[in-house]
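All remarks here apply to the structure that follows.
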Amino acid sequence: MIVWSKGLGKKSLPMELEQARLSVASDHLAMDGNIESVCWEYTMKLYPDDLGDFMKLLAHPKTARFMARRSGLLLPFIVRLVMFAPILVLALVKARVLRSARKVQP
């Protein structure tokens, strides 16, 4: 991912998301790391609505067209999505069951 803002002038900063550290708070996920080229520590907080909005962005027809135009991108994305979707669903069900079980215990 490339980070850019008007305050950076013409400088674009490469952010390596796969190297970010993920932590969980009660109301959000936090990703933090360091952008090596400028030794800039960053933190991104993702709230539940952000995650839903991101999923909408991925499901948008413009996103599909963007990926379809790039050779070798769409098929690996679909394969990874198919691989991770069941894992995500199972993790969500497990978390919901555990949360419900904690509420029931005296």
Exercise. Tell me, what ³J(HN,Hα) does each residue in the stretch 33-41 have, in order and in whole Hz, if you take phi through Karplus 6.51 cos²θ - 1.76 cosθ + 1.60 with θ = phi - 60° and put x for Gly and Pro?
Worked result: x, 9, 8, 4, 4, 10, 6, 9, 6
For this session: Grab the beta carbon distance between R21 and S71, set R0 = 41 Å, and tell me the FRET efficiency rounded to 0.05.
Result: 0.80
Seminar exercise, completed: Simple spin-label estimate for M55/V38, 7 Å along Cα→Cβ, in nm, reads 3.3
Problem set entry | More than 13 angstrom apart: percent of Cα pairs within the stretch 60-106 | 68
For this session: For Cα Rg over 2.2 N^0.38 Å, several values are listed as (i) 1.39; (ii) 3.49; (iii) 1.30; flag the one computed from this structure.
Result: (i)
Problem set entry | Helix-only mean residue ellipticity at 222 nm for the chain, each DSSP H run of n ≥ 4 adding -39500 (n - 2.57), per residue, nearest 500 | -16000 deg cm²/dmol
Exercise. What is the helix-to-structure angle for 74-104, meaning the angle in degrees between its Cα long axis and the longest Cα principal axis of the chain, kept from 0 to 90 and rounded to the nearest 10?
Worked result: 40
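Bear in mind these aren't lab numbers, they're just calculated from the coordinates by the rules spelled out. Since this is a predicted model, take the numbers as computed values, not measurements. Neighbour counts run over all protein chains shown; Cβ positions are idealised from the backbone, glycine included.
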